[in-house]
1. Assuming R0 = 30 Å, can you tell me the calculated FRET efficiency for the pair Q202 and E88, based on Cβ-Cβ distance, to the nearest 0.05?
2. Would you work out which of V92, L185, G123 lies farthest towards the positive end of the dipole of segment 67-194, given +1 charges on the beta-carbon of Lys and Arg and -1 on that of Asp and Glu, about the Cα centre?
3. Compute the distance in nm between two label points, each set 7 Å from the Cα along the Cα-to-Cβ direction, one at S29 and one at L229.
4. Can you give the net charge of the other residues whose Cβ lies under 14 Å from the Cβ of A261, counting K and R as +1 and D and E as -1?
5. Using just the helices of the chain, give the 222 nm mean residue ellipticity in deg cm²/dmol: DSSP H runs with n ≥ 4 each add -39,500 (n - 2.57), and the total is spread over all residues, rounded to 500.
6. Nothing charged except the Cβ atoms of Lys and Arg (+1) and of Asp and Glu (-1): what's the magnitude of the dipole of the chain about its Cα centre? Round to the nearest 20 debye.
7. Quote to one decimal, in nm, the extra length available between A267 and V253 on full extension: 0.36 nm per residue of separation minus the C-alpha distance between them.
8. Between T276 and L141, how high is the FRET efficiency from 1/(1 + (r/R0)^6) when r is the Cβ-Cβ distance and R₀ = 51 Å? Nearest 0.05.
Amino acid sequence: MEYQKDLSIIIPLLNEEESLGELLAWIRSVMNANGYAYEVIFVDDGSTDGSWARIQGFAKDDDRVKGISFRRNYGKSAALFHGFAKAEGRVVVTMDADLQDSPEEIPRMYDMVVNEGWDVVSGWKQHRQDNKVTKNLPSKLYNATARRITGIKLHDMNCGLKAYRNEVVKNIEVYGEMHRYIPYLAKNAGFTRITEKPVHHQKRKYGKSKFGLERFVNGFLDLLSLWFLSTFGKKPMHFFGFTGLLMFLVGFVMTIWIIVAKLVHQASGAYYRAVTDQPLFYLALVAVILGVMLFLAGFICEMISRNSADRNKYNIKDTIG
């Protein structure tokens, strides 16, 4: 496929008016030095400062600058989704607008995608310039968990500086707060050549961070959701049905055990308690009920999945004839 541009640089932002001019000048310097045909797509995620006015000014003076403005704040995933839809470059680069990501990293990342054949190149902030207690330590725990669950050996899954083959961003859907896991979304879509590149991380020059500690909790919950959907999304009965059947069998065996024990004690004349007086009976009853409910949940999910509009949606790499 032929592309009119070498690079599409997508920059989601929220109230970053002070940094935009400096960032764009930096990008232009790097792009011109390497002779790239490029476009810069600013996605204003409902800023309340003068960010959009500045972007409009940039676009008026330079047709390589494009912009999207949301009426309110929808989040980074929504910004990237619309940026990806608009991107026309052979390689799509995402970066933050706060000047912490360096455009100097882009040429090498571009080379890794175009000449080395990687589908996704993720930045790795080896030496973070954030607060070590509130950012570094939680980030290490978060990334270790992400590596374990996704099977993707990235040290910094959440780094905003990434480069993608254009086909990747056109074949994934970023929603909710799933921007943290775009490499995992790419892997589930069949783009498995994923690597990382150590990148320079700078201190924030203007404003303040838009993310707090809650992002790590939300990120973990999103990761579990993605894992479940990618593993059982098209076969929910395999999870709910198996779990329900297992719980039902455990409850059933416990019930049989209680009844048999009572009959044996009764026949031998030994002391025995009524079945309903035994705590184990109620545990067995709960297990049976939960088992049935989980099995029915799996059946309902299976019916919904079978009637889904994208039940036969698959990414085809190539065809012949």
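The values are calculated or read from the model by the stated rules, or taken from the named source; none is laboratory data. Every value quoted in this text rests on a predicted model; they were computed, and no experiment measured them. Cβ: placed from backbone, ideal geometry, glycine included. Neighbour counts: every protein chain shown. Keep in mind that these areas ignore ligands, DNA and RNA; they rest on the heavy atoms of the full protein, side chains included. Shrake-Rupley method; radii C 1.70, N 1.55, O 1.52, S 1.80 Å.
1. 0.55
2. L185
3. 4.0
4. +1
5. Calculated at 222 nm, the ellipticity per residue is -16000 deg cm²/dmol.
6. 920
7. Using 0.36 nm per residue and subtracting the Cα-Cα distance, I get 2.9 nm.
8. The computed FRET efficiency comes out at 0.60.
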